[in-house]
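Single-structure report; data block below.
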There are 2 protein chains.
Amino acid sequence: MAAQANTSVKALVFDAYGTLFDVHSVAALADRLFPGKGDALSQLWRNRQLQYTWLLSLMDRYEDFAVVTEKALVFACASLGLACPPATRAQLMNAYLELSPLPGVHDALARVSRVPLAILSNGSPGMLAPLVKNAGLEGRFTHVISADARRVYKPSPRVYQLGPDTLGLPAASIGFVSSNSFDAQGAKAFGYTTFWVNATGSVAEELGFTPDATLSNLRELEGKI
Amino acid sequence: MAAQANTSVKALVFDAYGTLFDVHSVAALADRLFPGKGDALSQLWRNRQLQYTWLLSLMDRYEDFAVVTEKALVFACASLGLACPPATRAQLMNAYLELSPLPGVHDALARVSRVPLAILSNGSPGMLAPLVKNAGLEGRFTHVISADARRVYKPSPRVYQLGPDTLGLPAASIGFVSSNSFDAQGAKAFGYTTFWVNATGSVAEELGFTPDATLSNLRELEGKI
């Protein structure tokens, strides 16, 4: 919504899942494994993946994001009445390491690469490294930062603190970019300059914080910094 | 699943929303206000009500449960494209103070009343008092305990700690009763003897904790303590 460039932004930090990488690119495989149920499985899997990060964080029972993702898959299959033996589960989990970058990501990142770019994700290092590599994005980021370093998940301020700590910049000088409304608002509450990428025209969550700008796609970032 | 009575249980602590009171009893009013959309609104409202308790807790941005409930209602209406002016919103919020007790609640509580009974709920005191009164359950509980005292929501162990602190009993001697799978598992992780009331045959969440017993209705409690 803010029309003017924000020249105080000295670096950009990106959420990974849903912002750079398409979490629903597993739906095609899921649909081959479970004909007609791929979309439903993908949606429910993602839904519980997020819920479990919040719940386990609140319970002080952190688990690695790969474990959380697999637990969410087990629930989603059981809930939809789909038999998901270990080999099938392994196939779907492996697909999560090869999520497609969202359309336009390479170009959008190239256009803002005059500032340092980083990832700050719930993904554990073992999940993020192959993801970035498979997408051909190695070398594009100065840092790939994982919530795993704090053993808690977004939107905990302890996760967001990793950005300033790693980049050596105050939060307000860092542009935080996420397509997840809760994440954009969590980052804003923490103190980042925040960009919410709302490509699908979603309704904003009602958490009480307003991003500095809402973009309809990642390419619009170029005009904002 | 434990078939035998658990005679070590010296008190019972109940979740309120969904366990004693029917959160979807607002659907009828919602359907009068928004014909054909009552169920969808009620489901999405409850979904975001829970999500916002988790998110705001993780953000260290606690808000009173009435505020959270109203924020969730605003999101749900906007998301479903329903105009919800202040008077309509007030009507729906007021219905939340008059939720119906679930079928069989009075009888089930009467059958276990040889031990002290309490409520431990996310609801703020201002929401719980009219709820209990409207249901004719005043006097049934020795304590109505609110997460508000800790300014954080379930499944934080800081909320569950209110049970032992208030009742003067160790957690393992208290039977915690909830129909919400995440709540039953959070309570088990904390250390309560836990009863999950699964009246609808739901799939258990995959949070890593197994309740001591799963009941198909609240009346089965009588044989468990």
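The values are calculated or read from the model by the stated rules, or taken from the named source; none is laboratory data. Note that the structure is predicted; figures quoted are calculated from it, not measured. So basically every Cβ, Gly included, is an ideal-geometry build from the backbone, and we count neighbours across all protein chains shown. Side chains included, ligands, DNA and RNA excluded: accessible areas come from the protein's heavy atoms. Shrake-Rupley method; radii C 1.70, N 1.55, O 1.52, S 1.80 Å.
Every residue, every condition in (1) within 14 Å of chain A (Cβ to nearest Cβ); (2) within 20 Å of B:SER8 (Cα to Cα), yes or no:
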site: B:VAL144; (1), (2): no, no
site: B:GLN161; (1), (2): yes, yes
site: B:SER173; (1), (2): no, yes
site: B:ASN180; (1), (2): yes, no
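Can you tell me how many residues within the stretch A:173-182 are within 19 Å of A:LEU207 (Cβ to Cβ) and part of a helix (DSSP H, G or I)?
2
When the residues of the stretch B:197-211 are narrowed to those that are farther than 21 Å from A:LEU73 by Cβ and hydrophobic (A, V, I, L, M, F, W, C), which ends up farthest from the other protein chains (Cβ to nearest Cβ)?
Across the stretch B:197-211, the extreme among qualifying residues is B:VAL197.
Out of the residues in the stretch B:76-97 that are more than 14 Å from chain A (Cβ to nearest Cβ) and in contact (Cβ under 8 Å) with a residue 40 or more places away in the chain, which is farthest from B:VAL152 (Cα to Cα)?
Step by step, filter the stretch B:76-97, then rank; the result is B:THR88.
For the structure I just gave you, tell me whether A:ASP64 is touching a residue at least 12 places away in the same chain (Cβ under 8 Å), closer than 21 Å to A:SER179 by Cβ, away from every other protein chain (no Cβ under 12 Å) and surrounded by fewer than 22 Cβ atoms within 10 Å (Cβ to Cβ).
When the stated conditions are applied, A:ASP64 does not pass them.
Residues of the stretch A:31-53 being among the hydrophobic types (A, V, I, L, M, F, W, C) and open to solvent by less than 10 Å² (accessible area, probe 1.4 Å), which ones?
A:LEU41, A:TRP45
Identify all residues within the stretch B:75-118 that are on the phi > 0 side of the Ramachandran plot and either in contact with a Leu (Cβ under 9 Å, 6 or more places away or on another chain) or surrounded by 16 or more Cβ atoms within 10 Å (Cβ to Cβ) (or both); write none if there are none.
Scanning the stretch B:75-118 gives a single hit, B:GLY104.
Yes/no matrix, rows are residues, columns are (1) surrounded by fewer than 15 Cβ atoms within 10 Å (Cβ to Cβ); (2) at pLDDT 95 or above; (3) in contact with a helix residue (DSSP H, G or I) (Cβ under 6 Å, 6 or more places away or on another chain):
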{"site": "A:GLY123", "(1), (2), (3)": "no, yes, yes"}
{"site": "A:ALA129", "(1), (2), (3)": "no, yes, no"}
{"site": "A:ASN134", "(1), (2), (3)": "no, no, no"}
{"site": "A:GLY139", "(1), (2), (3)": "yes, no, no"}
{"site": "A:ARG150", "(1), (2), (3)": "no, yes, yes"}
{"site": "A:PRO155", "(1), (2), (3)": "no, yes, yes"}
{"site": "A:TYR160", "(1), (2), (3)": "no, yes, yes"}
{"site": "A:ASP165", "(1), (2), (3)": "yes, yes, no"}
{"site": "A:GLY168", "(1), (2), (3)": "yes, yes, no"}
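Being in contact (Cβ under 8 Å) with a residue 24 or more places away in the chain, open to solvent by 30 Å² or more (accessible area, probe 1.4 Å) and among the small types (Gly, Ala, Ser): is that true of A:SER57 here?
It is false that A:SER57 is in contact (Cβ under 8 Å) with a residue 24 or more places away in the chain, open to solvent by 30 Å² or more (accessible area, probe 1.4 Å) and among the small types (Gly, Ala, Ser).
Of the numbered conditions (1) over 30 Å from A:PRO157 (Cα atoms); (2) within 14 Å of chain A (Cβ to nearest Cβ), B:LEU73 satisfies every one except a single condition; which is it?
In the conditions (1) over 30 Å from A:PRO157 (Cα atoms); (2) within 14 Å of chain A (Cβ to nearest Cβ), B:LEU73 misses (1) alone.
More than 14 Å from chain A (Cβ to nearest Cβ), crowded, with 17+ Cβ neighbours inside 10 Å and assigned to a strand (DSSP E or B), is that true of B:THR214?
Criteria met by B:THR214.
Can you work out which of the residues in the stretch A:183-196 that are without any contact (Cβ under 8 Å) to a residue 40 or more places away in the chain and assigned to a helix (DSSP H, G or I) is farthest from the other protein chains (Cβ to nearest Cβ)?
So the residue we want is A:ALA184.
Kindly indicate the residue of the stretch A:151-172 that is hydroxyl-bearing (Ser, Thr, Tyr) and in a loop (DSSP other than H, G, I, E, B) and also farthest from A:THR53 (Cα to Cα) among those meeting that condition.
Of everything passing the filter in the stretch A:151-172, A:SER156 is farthest from A:THR53 (Cα to Cα).
Return the only residue of A:LEU120, A:LEU109, A:LEU137 being under 22 Å from B:LEU58 (Cβ atoms) and touching a strand residue (DSSP E or B) at 6+ places or on another chain (Cβ under 9 Å).
It is A:LEU120.
Here's a check for you: in the stretch B:15-30, which residue that is closer than 16 Å to B:ASN134 by Cβ and among the β-branched types (Val, Ile, Thr) is surrounded by the most Cβ atoms within 10 Å (Cβ to Cβ)?
So the residue we want is B:VAL26.
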